[in-house]
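Q: Take a look at this one; I'll ask things after.
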Number of protein chains: 2
Amino acid sequence: MCATCGCAGDEPAGHAHEDGTWHEYDGHEHAGERDHGQHTHARTVTLAEKVLARNDALAQQNRDWLRERGILALNLMSSPGAGKTTLLERTAADLAGELVVGVIEGDQETALDADRMRAAGCQVVQINTGTGCHLDAVMVRDALTKLDPPGGSVVVIENVGNLVCPALFDLGEAHRVVLASVTEGADKPVKYPHMFRSADLVLVTKTDLLPYLDFDLARCTADLAKISPGATVLPVSARAGDGIGRWYDWLRQVLAPGGTPLPRGQAPGPHGPESPDGLRPR
Amino acid sequence: MCATCGCAGDEPAGHAHEDGTWHEYDGHEHAGERDHGQHTHARTVTLAEKVLARNDALAQQNRDWLRERGILALNLMSSPGAGKTTLLERTAADLAGELVVGVIEGDQETALDADRMRAAGCQVVQINTGTGCHLDAVMVRDALTKLDPPGGSVVVIENVGNLVCPALFDLGEAHRVVLASVTEGADKPVKYPHMFRSADLVLVTKTDLLPYLDFDLARCTADLAKISPGATVLPVSARAGDGIGRWYDWLRQVLAPGGTPLPRGQAPGPHGPESPDGLRPR
């Protein structure tokens, strides 16, 4: 997050190690430590904390609003081009008649993804963020009002394609679903741990391309088990259909019988009796 | 950039259209327009502008420092997993004996890429940004001091994998090189225009995977011609070697005879007599 990374400080907000590695301070964890006369930096951290605290409060209002109406909201996040929209297109088509899926689309520019999801039969609200790097709870609050989803439905919030900033912003979702495409390489969970740590479900996507890549699925799964031990991990190809049924099973499981979503933190985990038949991270 | 997108405002910083599209205001373009009593929002914009202005001033110092020493700095940016490190590994190996390449590695966590580039024979400084989403001019200033690159060398700054935030931060580079992997889909230039607009060279990577994808190279190139008409566009596969020679030719061309980099904005364009034999965006 730009406002926490020390870029307004007079001095670099970090320290060098002997091996040439540079460790940048995290504004949240080290705010007190860094508050030694660098006024600009301290102000940056304070504002960032205020932004996040305000966002969290609004996200809780969104969560309450959704729970009262029996609507399940998912926050779908990934790098650009990991296959979020393709997954949603197939899901909307395959589960038409079973689930009502509404979509909030986040992109810097264009309504291309909104057009695709409307063509797939969904109600959609597009949010264009301009230079913005993530959706926040205010944007989602207003999009929910406009979308007006029916009780018992699923609202998928397709975040801006970005494996960094969206991890910090709670939107009021019931669950976080993070996509990692096999084309990106197996090292992404360890290189972008904040995003993967926050995931309830990790979909390892585009598995139909595995024969043409050097992707080490075992390594990726083992890393995820360390970084995000509570997350379910499912390999899937939305194009070929491999593993797609397990994603649908996961969706059905997080939808309680009456359409009431489970509160955050009560997702079916990898060890529970209701666990989907996915890869288990431990 | 988090601090410009209005997330601290009391009201959503945008407006809805009849078709359900939501347009978010850009803090820079609409700062005056938005300054109507929403104190928190106004303060956010002001701070963001200060952060960027301060960064720009420091970036200019970096640029002067590099020019005085005859060092060519490139800012390498892309989504996570678009192949930045693989391209650099091959470049360092193929051009060993011709170019001295130093590397500044930006990642949220790990020194995996630094290890790879050291194994490829390069001097490397790793920057770990924690929750941070981009490198800034202060980080690069200190990394340059530590790297201490020789005159006539090339310094490649491998930015944090993020197609959004790094676009806003000048690091003092001579040129910006943006990678777009064919696995991400052809719509990325129009969906993330700020990044592509800032590019001097766009490398369309992983072209060895084209036979297994629905990627429309003509559409991508046509979109780039509109968004970034001054940029050279080169399709390349660092794994298979397709097009790699044209990337090396581009590198040789931006290195002036005495090793003095061209000032920003004087990169060999797509229409000049010295244009590399790449795809021409017009």
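Q: Considering every residue within the stretch B:85-101, establish whether at least one is without any contact (Cβ under 8 Å) to a residue 12 or more places away in the chain, more than 10 Å from chain A (Cβ to nearest Cβ) and surrounded by fewer than 22 Cβ atoms within 10 Å (Cβ to Cβ).
A: yes
Q: Then there is this: Among the numbered criteria (1) away from chain A (no Cβ under 11 Å); (2) touching a Gly at 6+ places or on another chain (Cβ under 6 Å), which one does residue B:57 miss?
A: Tallying (1) away from chain A (no Cβ under 11 Å); (2) touching a Gly at 6+ places or on another chain (Cβ under 6 Å), residue B:57 fails exactly one: (2).
Q: Here's a follow-up. Of the numbered conditions (1) among the aromatic types (Phe, Trp, Tyr); (2) surrounded by fewer than 22 Cβ atoms within 10 Å (Cβ to Cβ); (3) in contact with a strand residue (DSSP E or B) (Cβ under 9 Å, 6 or more places away or on another chain), residue B:212 satisfies every one except a single condition; which is it?
A: (3)
Q: Considering each of B:197, B:116 in turn, give the residue that is touching a residue at least 24 places away in the same chain (Cβ under 8 Å) and farther than 18 Å from residue B:220 by Cβ. Working first, answer last.
A: Values: B:197 fails: farther than 18 Å from residue B:220 by Cβ.
Only one candidate passes the filter, namely B:116.
Q: Does the stretch A:49-64 include one or more residues that are crowded, with 22+ Cβ neighbours inside 10 Å, out of contact with any Pro (no Cβ under 7 Å at 6 or more places or on another chain) and not in a helix (DSSP H, G or I)?
A: Within the stretch A:49-64, none of the residues are crowded, with 22+ Cβ neighbours inside 10 Å, out of contact with any Pro (no Cβ under 7 Å at 6 or more places or on another chain) and not in a helix (DSSP H, G or I).
Q: I want to confirm something. Restricting to the stretch B:117-159 and keeping residues that are of a type in the set (A, V, I, L, M, F, W, C) and within 7 Å of chain A (Cβ to nearest Cβ), which single residue is farthest from residue A:167 (Cα to Cα)?
A: Quick first cut of the stretch B:117-159, residues of a type in the set (A, V, I, L, M, F, W, C) only: B:117, B:119-120, B:122, B:124-125, B:127, B:133, B:135, B:137-140, B:143-144, B:147, B:154-157.
The next check asks that each one be within 7 Å of chain A (Cβ to nearest Cβ); those that pass are B:124-125, B:127, B:133, B:138-139, B:143.
Values: B:124: 29, B:125: 26, B:127: 20, B:133: 11, B:138: 25, B:139: 23, B:143: 27 Å.
The qualifying residue farthest from residue A:167 (Cα to Cα) is B:124.
Q: Taking the stretch B:107-159 as the search range and keeping residues that are part of a loop (DSSP other than H, G, I, E, B) and charged (D, E, K, R), which one is surrounded by the most Cβ atoms within 10 Å (Cβ to Cβ)? Break it down into steps so the answer makes sense when it comes.
A: Restricting attention to the stretch B:107-159, the residues satisfying the condition of being part of a loop (DSSP other than H, G, I, E, B) are B:108-111, B:120-122, B:129-136, B:148-153, B:159.
Retained after the next criterion (residues that are charged (D, E, K, R)): B:109, B:136, B:148.
Numbers: B:109: 17, B:136: 32, B:148: 10.
Filtering the stretch B:107-159 for residues that are part of a loop (DSSP other than H, G, I, E, B) and charged (D, E, K, R), the one surrounded by the most Cβ atoms within 10 Å (Cβ to Cβ) comes out as B:136.
Q: Can residue B:96 be described as among the aliphatic types (A, V, I, L, M) and over 23 Å from residue B:204 (Cα atoms)?
A: The answer is yes for residue B:96.
Q: Residues that are in contact with a helix residue (DSSP H, G or I) (Cβ under 9 Å, 6 or more places away or on another chain), within 21 Å of residue A:178 (Cβ to Cβ), surrounded by fewer than 23 Cβ atoms within 10 Å (Cβ to Cβ) and modelled with pLDDT under 85: does the stretch A:27-42 have at least one? Step through it out loud before you land on a result.
A: Within the stretch A:27-42, the first condition is being in contact with a helix residue (DSSP H, G or I) (Cβ under 9 Å, 6 or more places away or on another chain), and the residues that meet it are A:27-28, A:30-31, A:34-36, A:40-42.
This time we only want the ones that are within 21 Å of residue A:178 (Cβ to Cβ), so: A:28.
Subset that is surrounded by fewer than 23 Cβ atoms within 10 Å (Cβ to Cβ): A:28.
This time we only want the ones that are modelled with pLDDT under 85, so: A:28.
The answer is yes, given that some residue of the stretch A:27-42 is in contact with a helix residue (DSSP H, G or I) (Cβ under 9 Å, 6 or more places away or on another chain), within 21 Å of residue A:178 (Cβ to Cβ), surrounded by fewer than 23 Cβ atoms within 10 Å (Cβ to Cβ) and modelled with pLDDT under 85.
Q: Mind counting the residues in the stretch A:188-224 that are farther than 20 Å from residue A:76 by Cα and either more than 13 Å from chain B (Cβ to nearest Cβ) or part of a loop (DSSP other than H, G, I, E, B) (or both)? Write out each step before concluding.
A: First pass over the stretch A:188-224, keeping only residues farther than 20 Å from residue A:76 by Cα: A:208-219, A:222-223.
Narrowing the set further to residues that are either more than 13 Å from chain B (Cβ to nearest Cβ) or part of a loop (DSSP other than H, G, I, E, B) (or both) leaves A:213-218, A:222.
Of the residues in that region, 7 qualify.
Q: Oh, and also: Within the stretch B:163-183, how many residues are more than 11 Å from residue B:78 (Cα to Cα), within 7 Å of chain A (Cβ to nearest Cβ) and crowded, with 24+ Cβ neighbours inside 10 Å?
A: First, pick out the residues of the stretch B:163-183 that are more than 11 Å from residue B:78 (Cα to Cα): B:168-175, B:182-183.
Next, from what is left, pick out any that are within 7 Å of chain A (Cβ to nearest Cβ): B:168, B:183.
If we keep only those that are crowded, with 24+ Cβ neighbours inside 10 Å too, we end up with B:183.
Residues meeting the conditions: 1.
Q: I'd like to check something: does the stretch A:263-279 contain any residue that is more than 25 Å from residue B:207 (Cα to Cα), touching a Pro at 6+ places or on another chain (Cβ under 9 Å) and at pLDDT 95 or above?
A: Within the stretch A:263-279, not a single residue is more than 25 Å from residue B:207 (Cα to Cα), touching a Pro at 6+ places or on another chain (Cβ under 9 Å) and at pLDDT 95 or above.
Q: Working carefully through the options B:152, B:130, find the one that is on the phi > 0 side of the Ramachandran plot and either of a type in the set (Lys, Arg) or touching an Asp or Glu at 6+ places or on another chain (Cβ under 8 Å) (or both).
A: B:130
Q: Still on this structure, I have one more. Considering only residues that are small (Gly, Ala, Ser) and under 21 Å from the mean Cα position of the chain (by Cα), which ones fall in the stretch A:94-145? Can you show your working first?
A: Let us first name the residues in the stretch A:94-145 that are small (Gly, Ala, Ser), namely A:96-97, A:102, A:106, A:111, A:114, A:119-121, A:130, A:132, A:137, A:143.
Answer for the stretch A:94-145, where residues must be small (Gly, Ala, Ser) and under 21 Å from the mean Cα position of the chain (by Cα): A:102, A:106, A:111, A:114, A:130, A:132, A:137, A:143.
Q: Mind listing whichever residues of the stretch B:213-239 are basic (Lys, Arg) and under 17 Å from residue B:191 (Cβ atoms)? Walk me through it before giving the result.
A: Step one: filter the stretch B:213-239 for residues basic (Lys, Arg), giving B:219, B:226, B:239.
Across the stretch B:213-239, the qualifying residues are B:219, B:226.
The values are calculated or read from the model by the stated rules, or taken from the named source; none is laboratory data. This is a predicted model, so every value here is computed, not measured. Neighbour counts are summed over all protein chains in view; Cβ atoms, including those assigned to glycine, are modelled from backbone coordinates with ideal geometry.
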